[in-house]
Amino acid sequence: MKFLTQTLQLILINLKSIPGRWGATLVIVVGLAGVVGVVTALQSMSAGMVATLRSTGSPNRAIVLKGGSNSELSSFITRDQAVVIEQSESVAKGTDGKALASGELILIAERPLRRSNTDSNVSMRGVGAAGFAMRPEVKIINGRAFKPGLQEIIVGAKALEQFVGLEVGSSVQIRGSQWAVVGTFTSNGDAHESEVWVDIETAQSAFRRNGYSSMLVQLAEPSAFEAFKDGLTTDPRLQVDVLNEIDYFSSQSRSFTRIIGVLVTVVGIIMGLGAIFAALNTMYSAVAARTVEIATLRALGFGGAVVVLATIAEAMVLALLGGAIGGLGAYAFFNGYTVSTLGAGFTQIAFSFRVTPSLLVTGMILSLLVGFLGGFFPALRAARMQIATALRAA
Amino acid sequence: MTTALVSIRGVSKRYTRGKQTVEVLSHLDLDIASGDFLALMGPSGSGKTTLLNLIGGLDQPSGGEIRVNDQRIDTLSSGALARWRARHVGFVFQFYNLLPVLSAEANVELPLLLTDLSKAQRKKNVAAALAVVGLSDRATHKPNELSGGQQQRVAIARALVGDPTLLVCDEPTGDLDRKTADEVLTLLQDLNRNYGKTIIMVTHDAKAAEFATHRLQMDKGALVAGEAA
Ligand SMILES: Nc1ncnc2c1ncn2[C@@H]1O[C@H](COP(=O)(O)OP(=O)(O)OP(=O)(O)O)[C@@H](O)[C@H]1O
Ligand SMILES: [Mg+2]
């Protein structure tokens, strides 16, 4: 108890002395604000990407791709295979008694980006009535749905934001033909919002495709997935991969999150080391500036452990301050900031930075760690000081 | 047998710098009686501060025995020595060594943080110590708002507040002008006469030594002249 009071008193004294040494003290605060800010921003990018792709899909749905293809874009399913897949017992039936299975076609169209006015890839998805029925999250927020047989498209809300000329009422040239934009849709903020949708049969005939890229099926229940998968993968007529829809979209962010992960680690280590040296520098100079004070306190009978703890605590308080500034700065500047990146299929996927509470906590832990390491050695020096010698420094 | 408060027997202090060993104090004997006000004098480098630091438990001898109140302090561990200092010694330094960020009363309170006293008791004792040094009206002032003499009086209050066995002062007036020095010395004399404080003071100043009850002269690490108790 006494020990605690002494330590707290000493921490207070140390903190009170900071305004007299702002210059030296700022090094640690600013250094850590920078580190935590950058690391948090990078991680929030990754978190946002993951969140967008994780929110895409439902555990009740499975996606079927050609065996060995990692994405819809490189996959192909023939009409015959589609019929076999539809007939699986694990596939749920709609109110009309028909199997809830949607053969879908993915094509790439080039459109100029608003931000740079350079062409980039937008995914164009051919969808039938079953595709809408199975995805209750898809909502037309402006205009209307496309009519089968007409050259009409609807545009995801994020695609509308990212690309030029996709407003309702405009007409766009895609792969040599003219298409009218008749609606805008949302889909719970998921990856489909970065797409343009078209009627599947219209797309097949307009782009002369016979068959599908993928089949999305509604399972009777999530637990039916294994049976469904086993049924298809052992069927000699098929050569397909079966993935849970959520897993499929998560896997599309894997390379991106891996790159960010490596970047965060490398940047974090380099900047973290820099911050530790900044903290060491700050604390060594604090201890040096207080040599006589520390020696005086020790002469009065304050113990070495108290001095060590108070010095470390001071560094940690400063580091925490820097960490908080960095974390909140990242939150203020980046949270909700929308960017787009090329997904695995080389199409633009828009997502928002997410500075989550757990990232803020991670930033705090990082700064506390830096503060601890930066305070530890100077604290030892303070404690090991010969009192009689230090007092002569007056 | 005179029961000296401080008893020093055959004390040496050597410093080793590289291959060279310097003996700063050699086989020194000294007794200081309770209630003494001792002035230690001598040329610069003669070892006054070194001896004072040994008596105050800030440093440990290379050889010999130091007893205070019949307790060997030369054999204590550094932790035990720190606790012993907190309990038994009040220090006054040439440059006051107040903590600049703390008010006068907070500076005076520091030694009491090492005791079991309650906050209220601490406050009371601090007020009493500040009253003794005549600075009750400056309690909330920071050191840089006080004159040198006032700062030294705050330092004396800090040394007093824990009611130590010994007051140990290293050139307490070394940084003060004559008039202020005399005020501080009068205060120390008063503490010795009227509060029975045992005081050991190092000084260069013969006039300052006049305020003490005894004077000792040091030269080259040995006591050379003077009237010890
Ligand atoms: N840590 C140390 N290492 C080596 N030599 C030291 C050390 N501390 C003191 N000395 C030496 O011991 C001798 C005595 O020093 P001390 O400070 O006790 O003298 P002093 O009588 O107090 O002098 P002054 O009047 O100048 O304060 C000096 O020669 C000094 O250089
Ligand atoms: Mg000296």
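The values are calculated or read from the model by the stated rules, or taken from the named source; none is laboratory data. Every value quoted in this text rests on a predicted model; they were computed, and no experiment measured them. A quick note on method: Cβ atoms are made from the backbone with ideal geometry, for glycine too, and the neighbour counts reach across all protein chains shown. Each accessible area value is taken on the protein alone, full model and side chains, heavy atoms only, with ligands, DNA and RNA left out. Shrake-Rupley method; radii C 1.70, N 1.55, O 1.52, S 1.80 Å.
Is there a quick way to get the dipole size of region A:86-183? I mean about its Cα centre, with the Cβ of Lys and Arg at +1 and of Asp and Glu at -1; what is the value in debye to the nearest 20?
Values: 12 positive and 10 negative charges, 42 e Å.
The calculation lands at about 200 debye.
Keeping all protein chains in the complex and leaving out DNA, RNA and ligands, what accessible area do you get for B:Glu65 with a 1.4 Å probe, in Å² to the nearest 10?
Ignoring ligands and nucleic acids, B:Glu65 comes out at about 60 Å².
By its C-alpha gyration tensor, with a ≥ b ≥ c as the square roots of the eigenvalues, how is region A:7-49 shaped: rounded for a/c under 1.5, else prolate for a/b larger than b/c, else oblate? Mind showing how you got there, number by number?
On the way: a/c = 6.61, a/b = 2.48, b/c = 2.67.
Here region A:7-49 falls in the oblate category.
Of all the Cα-Cα pairs you can form in chain A, what percent are over 37 Å apart? Could the numbers behind the result be given before it?
Working: 33484 of 77421 pairs.
Across chain A, Cα pairs with separations above 37 Å total 43 percent.
Averaged across B:106-119, how many Cβ atoms of other chains sit within 10 Å of each residue's Cβ atom?
Working: counts 4, 1, 0, 1, 9, 4, 0, 11, 10, 2, 2, 0, 0, 1.
That average works out to 3.
For chain A, take the longest principal axis of its alpha carbons; what is the angle in degrees between that and the long axis of helix A:304-334, to the nearest 10 within 0 to 90?
30
Please list the radius of gyration and Dmax for region B:76-126, considering alpha-carbon atoms only, with Å as the unit.
So, for region B:76-126, Rg and Dmax equal 12.3, 33 Å respectively.
How much FRET efficiency would the formula 1/(1 + (r/R0)^6) give for A:Lys139 and A:Lys16, where r is the Cβ-Cβ distance and R0 is 60 Å, rounded to 0.05? Can you show the working numbers first?
Working: r = 58 Å, r/R0 = 0.97.
Efficiency computed from Cβ-Cβ geometry: 0.55.
Just to confirm the number: angle between the C-alpha axis of helix A:357-384 and the first principal axis of chain A, 0 to 90 degrees, nearest 10?
On a 0 to 90 degree scale, this one is about 20.
Say a site is exposed when it is one of the GluC sites (Glu not before Pro), sits in a DSSP loop, and has at most 14 other Cβ atoms within 10 Å; what is then the longest site-free stretch of chain A? The partial results should precede the final answer.
Values: sites that count: A:Glu89, A:Glu167.
Longest site-free region, per DSSP loop and neighbour criteria: A:168-394.
Which residues' amide hydrogens lie under 5 Å from the amide hydrogen of A:Val240, considering only partners 5 or more residues apart or on another chain, with H built in the peptide plane?
A:Gly67
Which one, A:Gly261, A:Leu73, A:Ile349, projects farthest toward the positive side of the charge dipole computed for chain A from Cβ point charges (K/R +1, D/E -1)?
Checked the options; the winner is A:Gly261.
Determine the share of chain A's accessible area contributed by carbon and sulfur atoms, expressed in whole percent, with a 1.4 angstrom probe. Write down the numbers at each step before the final one.
Numbers: 10550 of 17180 Å².
Roughly 61 percent, rounded to a whole number.
Provide a whole-number value for the mean count of partner chain Cβ atoms within 10 Å of the Cβ atoms in peptide B:50-59. Walk me through the intermediate numbers first.
On the way: counts 1, 0, 1, 6, 1, 0, 3, 3, 9, 5.
Counting Cβ atoms of other protein chains within 10 Å of each residue's Cβ and averaging gives 3.
Normalised by the number of residues in chain A, what is the relative contact order in percent for Cα pairs under 8 Å and 6+ residues apart? Don't skip to the end; give the middle numbers.
On the way: 755 pairs, mean separation 112.5, N = 394.
Across chain A, relative contact order equals 29 percent.
Tell me, what is the 1.4 Å probe accessible area of B:Val132, in Å² to the nearest 10?
It works out to around 40 Å².
State in Å² the accessible area per residue of chain A; use a 1.4 Å probe, count heavy atoms of protein chains only, and round to the nearest integer. Could the numbers behind the result be given before it?
Values: 17180 Å² over 394 residues.
Here the per-residue accessible area is 44 Å².
I'd like the FRET efficiency for A:Val262 and A:Val339, computed as 1/(1 + (r/R0)^6) with the beta carbon distance as r and R0 of 25 Å, rounded to 0.05. Present the calculation step by step, with values, prior to reporting the outcome.
Working: r = 19 Å, r/R0 = 0.75.
E(calc), rounded to 0.05, equals 0.85.
Can you sort B:Lys197, B:Lys220 by 1.4 Å-probe accessible area, starting with the largest? Show your work: numbers first, answer last.
On the way: B:Lys197 25, B:Lys220 165 Å².
Reading off the accessible areas and sorting them downward yields B:Lys220, B:Lys197.
Based on the Cα coordinates of region A:1-122, what is the per residue volume of their convex hull in Å³?
Measuring per residue, one finds 310 Å³ for the Cα hull of region A:1-122.
If you filter region B:141-229 for GluC sites (Glu not before Pro), then keep DSSP loop positions with at most 16 other Cβ within 10 Å, what is left?
Hits after loop and neighbour filter: B:Glu210, B:Glu227.
What FRET efficiency comes out for the pair A:Gln178/A:Leu113, r = Cβ-Cβ distance, R0 = 30 Å, nearest 0.05? Intermediate values should be presented prior to the final figure.
On the way: r = 21 Å, r/R0 = 0.71.
Here the calculated transfer efficiency is 0.90.
Which whole number gives the average, over all residues in B:89-100, of C-beta atoms from other chains lying within 10 Å of the residue C-beta?
On the way: counts 3, 1, 5, 0, 6, 2, 4, 2, 9, 2, 8, 6.
Average per residue, whole number: 4.
Based on DSSP H runs of at least 4 residues, each adding -39500 (n - 2.57), what is the mean residue ellipticity at 222 nm of chain A after dividing by all its residues, to the nearest 500 deg cm²/dmol?
Details: 13 runs with 202 residues, N = 394.
Rounded to the nearest 500, the figure is -17000 deg cm²/dmol.
Please quote Rg/Rh for region B:104-153 to two decimal places, taking the Kirkwood radius as Rh and restricting both calculations to Cα atoms.
Values: Rg = 10.8 Å, Rh = 11.1 Å.
Computed over Cα atoms, the ratio is 0.98.
Once phi is turned into θ = phi - 60°, what whole-Hz ³J(HN,Hα) does the Karplus curve with 6.51, -1.76 and 1.60 give for every residue of region A:190-198, x standing for Gly and Pro?
8, 5, 5, 5, 8, 10, 10, 10, 9
State, to one decimal in nm, how far the label point of B:Ser147 lies from the label point of B:Lys19, with both points 7 Å from Cα in the Cβ direction.
5.5
So how do B:Lys48, B:Lys142, B:Lys123 rank on accessible area, 1.4 Å probe, biggest first, that is with the largest at the start? If you can, show how the numbers build up before the last one.
On the way: B:Lys48 10, B:Lys142 80, B:Lys123 140 Å².
My answer, sorted largest first, is B:Lys123, B:Lys142, B:Lys48.
Which far-off residues, 5 or more places away or on another chain, put their amide H under 5 Å from the one on B:Val92, with H placed in the peptide plane?
Excluding prolines and chain starts, which carry no amide H, the hits are B:Val168, B:Cys169, B:Asp170.
Only Lys, Arg, Asp and Glu count, each charged at its Cβ (+1, +1, -1, -1), so figure out the dipole size of the protein assembly as shown about its Cα centre, rounded to 20 debye. Walk me through the numbers before you get to the answer.
On the way: 57 positive and 51 negative charges, 168 e Å.
So the magnitude is around 800 debye.
Using only alpha carbon positions, build the gyration tensor of region A:106-246, then give the equivalent ellipsoid semi-axes as the square roots of 5 times its eigenvalues, largest first, whole angstrom. Intermediate values should be presented prior to the final figure.
Numbers: eigenvalues 172, 56, 42 Å².
Whole-Å semi-axes of the equivalent ellipsoid: 29, 17, 15.
Let me check something: with ligands and nucleic acids excluded, how do A:Ser171, A:Ser120 order by accessible area (1.4 Å probe), largest to smallest? All intermediate terms of the calculation are to be shown ahead of the outcome.
Working: A:Ser171 70, A:Ser120 15 Å².
Result, largest first: A:Ser171, A:Ser120.
In sequence order, what are the phi-derived ³J(HN,Hα) couplings for region A:75-80 according to the Karplus relation 6.51 cos²θ - 1.76 cosθ + 1.60 with θ = phi - 60°, rounded to whole Hz, with x for glycine and proline?
9, 8, 10, 7, 4, 5
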